[in-house]
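Beneath this line is the structure, given in structure tokens, with notes to follow.
The values are calculated or read from the model by the stated rules, or taken from the named source; none is laboratory data. What you are looking at is a predicted structure, and each value in this text was computed from that prediction instead of being measured. We place every Cβ from the backbone using ideal geometry, glycine too, and count neighbours over all the protein chains shown.
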Amino acid sequence: METVVVGWNLCPFARKELLQDRIRFVVTEACDEESLLHALLDELELLEQSPEVETTVLIHPEVLSDFYDYNQFLDDVDGLIAQYEYEGIFQVASFHPHYQFAGTEPDDAENYTNRSPYPILHILREESLARAIERYHDVEGIPERNIALLKSKSEQEIEQAFFPKGDVDSEEKA
């Protein structure tokens, strides 16, 4: 978060929340999709009751390591948000070690804008996001700027940033 998201300014809205300690980082021990949905619901309820917490980064290293399965699971996430009437209140941004946008090759730079060392569900408050976007001068330019930045990085810089030594994925690639 500090090195890539804030350090490289991939998300211009993250620095303030990180510095104010308003980001909740949770590593769940969920080993299946059902328990991950329960963990997600717990975090949605916590955020609803805790305005001092701006956002939750729900890290789930033991479930959905396959990107295709993870991507399919996002439909269940949307269904849970609808079922518990959190639409318009919260949304979930998705990050995965093997994130790949449709129509791209696996190593295309734009995929790294949504890559992370572990699968992550990032819960955002829609109202806060709308305010941040309203105040930011070039929201539409963020993806292009991020892709250009990532293209300017060497393969080694990206590997070290996204899969630091000691992480599961960096050891698997070695």
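With respect to Ala102, is the statement that it is touching a Leu at 6+ places or on another chain (Cβ under 9 Å), of a type in the set (Gly, Ala, Ser) and under 30 Å from His137 (Cα atoms) true?
No: the conditions fail for Ala102.
Quick check, is Leu40 buried (at least 18 other Cβ atoms within 10 Å of the Cβ), more than 22 Å from Arg145 (Cβ to Cβ) and in contact (Cβ under 8 Å) with a residue 12 or more places away in the chain? Reasoning before the result, please.
Working: buried (at least 18 other Cβ atoms within 10 Å of the Cβ): yes; more than 22 Å from Arg145 (Cβ to Cβ): yes; in contact (Cβ under 8 Å) with a residue 12 or more places away in the chain: yes.
Criteria met by Leu40.
Counting only residues that are more than 25 Å from Ala102 (Cα to Cα), out of contact with any Cys (no Cβ under 6 Å at 6 or more places or on another chain) and at pLDDT 95 or above, give me the helices (runs of 4 or more DSSP H) lying completely in the range 1-90 with at least 3 of them.
In the range 1-90, the matching helices (runs of 4 or more DSSP H) lie at 33-49.
Filter the range 1-17 for residues that are farther than 18 Å from Glu126 by Cα and either crowded, with 17+ Cβ neighbours inside 10 Å or of a type in the set (Phe, Trp, Tyr) (or both) and give the result.
Taking the range 1-17 and keeping what is farther than 18 Å from Glu126 by Cα, we get 1-10.
Once the filter is applied, which keeps residues that are farther than 18 Å from Glu126 by Cα and either crowded, with 17+ Cβ neighbours inside 10 Å or of a type in the set (Phe, Trp, Tyr) (or both), the range 1-17 yields Val4, Val5, Val6, Trp8, Leu10.
Residues in the range 154-165: is at least one in contact with a Gly (Cβ under 9 Å, 6 or more places away or on another chain) and surrounded by 15 or more Cβ atoms within 10 Å (Cβ to Cβ)? Please lay out each step first, then the result.
Going through the range 154-165, the residues in contact with a Gly (Cβ under 9 Å, 6 or more places away or on another chain) turn out to be 161.
Going one step further and asking which of them are surrounded by 15 or more Cβ atoms within 10 Å (Cβ to Cβ), we end up with 161.
Yes - at least one qualifying residue is present in the range 154-165.
Among residues belonging to the range 45-59 that are of a type outside the set (Val, Ile, Thr) and surrounded by fewer than 19 Cβ atoms within 10 Å (Cβ to Cβ), point out the one that is nearest to Tyr84 (Cα to Cα).
Keep residues of the range 45-59 that are of a type outside the set (Val, Ile, Thr), which gives 45-52, 54, 58.
In the following step, the residues that additionally are surrounded by fewer than 19 Cβ atoms within 10 Å (Cβ to Cβ) were identified as 45-46, 48-52.
Working: Glu45: 10, Leu46: 13, Glu48: 12, Gln49: 14, Ser50: 17, Pro51: 18, Glu52: 21 Å.
Here the residue is Glu45.
Is at least one residue of the range 98-116 over 19 Å from the mean Cα position of the chain (by Cα), part of a loop (DSSP other than H, G, I, E, B) and of a type in the set (Phe, Trp, Tyr)?
no
Only helices (runs of 4 or more DSSP H) wholly contained in the range 122-166 count here; list those with 1 or more residues that are hydrophobic (A, V, I, L, M, F, W, C) and farther than 18 Å from Asn9 by Cα.
126-135
What are the residues in the range 110-131 that are surrounded by fewer than 17 Cβ atoms within 10 Å (Cβ to Cβ) and of a type in the set (A, V, I, L, M), if any?
Leu129, Ala130, listed by residue number.
Among (1) surrounded by fewer than 18 Cβ atoms within 10 Å (Cβ to Cβ); (2) over 20 Å from Phe67 (Cα atoms), where does Glu105 come up short?
(2)
Could you tell me which of the residues Arg135, Arg131, Arg145, Arg125 is touching a residue at least 60 places away in the same chain (Cβ under 8 Å) and of a type in the set (Lys, Arg)?
Sole residue among the options that is touching a residue at least 60 places away in the same chain (Cβ under 8 Å) and of a type in the set (Lys, Arg): Arg125.
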